[in-house]
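The values are calculated or read from the model by the stated rules, or taken from the named source; none is laboratory data. Just so you know, these numbers come straight off a predicted model, no measurement behind them. Every residue, glycine as well, gets a Cβ built from its backbone with ideal geometry; the counts of neighbours run over all protein chains shown.
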């Protein structure tokens, strides 16, 4: 780890940024370097350790070597579902879920700020049983840690739909419902990251607690506070009973 700016080679005299590897860049030089779109690490523009995988999108060699693809997706799915099942999400219907890995350009057409997306609908069939159609989209060229974080979040959206959680059904029409829905899904990301011993997982986890954005950040932090009081069983029960509160 070096305390010198990766761009100018000097010790920062004012504000600076530091990535999960300890690489430093001066605030005024942030736009002079390349940031990996998967691990957010800092790299020199003329270096050989980062590749342009799409127009304007760069991913480092380490993440490329550890990216999740359709050929190795099974291992990551197993790791995420196992962690979710252990705390009470043992009824996720993975068999009715399609997972698609798509480019950032394709993702942007659906949501310009998302790295993952859950899309689905349900209808009541005979004898009150639900029929589902669900797809999880995750952006390509993500390392296993980042991919697992996103997948866990989207799996909890799938769980909400599969269990007819009201927030999911009211997502588009009710801002409070949207906040609860996303804050609760963020608990999946928290669970996965908290069980991985890696500096990137630690940094991603810390950023979740620093995030002051309302829908994903503050809502997650409020639900996490409730989780500390009642545990996984408690917040899962409250979600099922429509009693989760973020006020």
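Just one of (1) closer than 25 Å to residue 202 by Cα; (2) surrounded by fewer than 19 Cβ atoms within 10 Å (Cβ to Cβ) fails for residue 55. It is (1). Of all residues in region 98-112, those being touching a helix residue (DSSP H, G or I) at 6+ places or on another chain (Cβ under 7 Å) and more than 14 Å from residue 135 (Cα to Cα) number 0.
When residues in region 29-60 are screened for being in contact with a strand residue (DSSP E or B) (Cβ under 9 Å, 6 or more places away or on another chain) and without any contact (Cβ under 8 Å) to a residue 40 or more places away in the chain, 19 of them pass.
The number of residues in region 136-146 that are in contact with a strand residue (DSSP E or B) (Cβ under 6 Å, 6 or more places away or on another chain) and closer than 17 Å to residue 84 by Cβ comes to 2.
Here the helices (runs of 4 or more DSSP H) wholly within region 143-247 that include at least 2 residues being more than 22 Å from residue 88 (Cβ to Cβ) and under 15 Å from the mean Cα position of the chain (by Cα) are 144-162, 199-210.
When residue 115 is tested against (1) in contact with a helix residue (DSSP H, G or I) (Cβ under 8 Å, 6 or more places away or on another chain); (2) more than 28 Å from residue 237 (Cβ to Cβ); (3) at pLDDT 95 or above, only condition (3) is not met. Please tell me if residue 74 is free of Cβ contacts under 8 Å to residues at least 12 places away in the same chain, loosely packed, with under 14 Cβ neighbours inside 10 Å and at positive phi. It is false that residue 74 is free of Cβ contacts under 8 Å to residues at least 12 places away in the same chain, loosely packed, with under 14 Cβ neighbours inside 10 Å and at positive phi. For region 195-217, the set of residues classified as free of Cβ contacts under 8 Å to residues at least 12 places away in the same chain and either surrounded by 13 or more Cβ atoms within 10 Å (Cβ to Cβ) or not assigned by TED's automatic domain parsing to the domain that holds residue 164 (or both) consists of 211, 217, listed by residue number.
Have a look at 63, 36 and point out the one that is more than 21 Å from residue 100 (Cα to Cα), surrounded by 15 or more Cβ atoms within 10 Å (Cβ to Cβ) and at pLDDT 95 or above.
Values: 63 fails: more than 21 Å from residue 100 (Cα to Cα).
Unique residue meeting the criteria: 36.
Test of understanding: among 87, 68, which residue is touching a strand residue (DSSP E or B) at 6+ places or on another chain (Cβ under 9 Å) and either surrounded by fewer than 17 Cβ atoms within 10 Å (Cβ to Cβ) or in contact (Cβ under 8 Å) with a residue 40 or more places away in the chain (or both)? Let's see the steps before the verdict.
Values: 87 fails: touching a strand residue (DSSP E or B) at 6+ places or on another chain (Cβ under 9 Å).
On inspection, the qualifying residue turns out to be 68.
Within region 4-22, the set of residues being surrounded by fewer than 18 Cβ atoms within 10 Å (Cβ to Cβ), part of a loop (DSSP other than H, G, I, E, B), without any contact (Cβ under 8 Å) to a residue 60 or more places away in the chain and under 29 Å from the mean Cα position of the chain (by Cα) comprises 15, 22.
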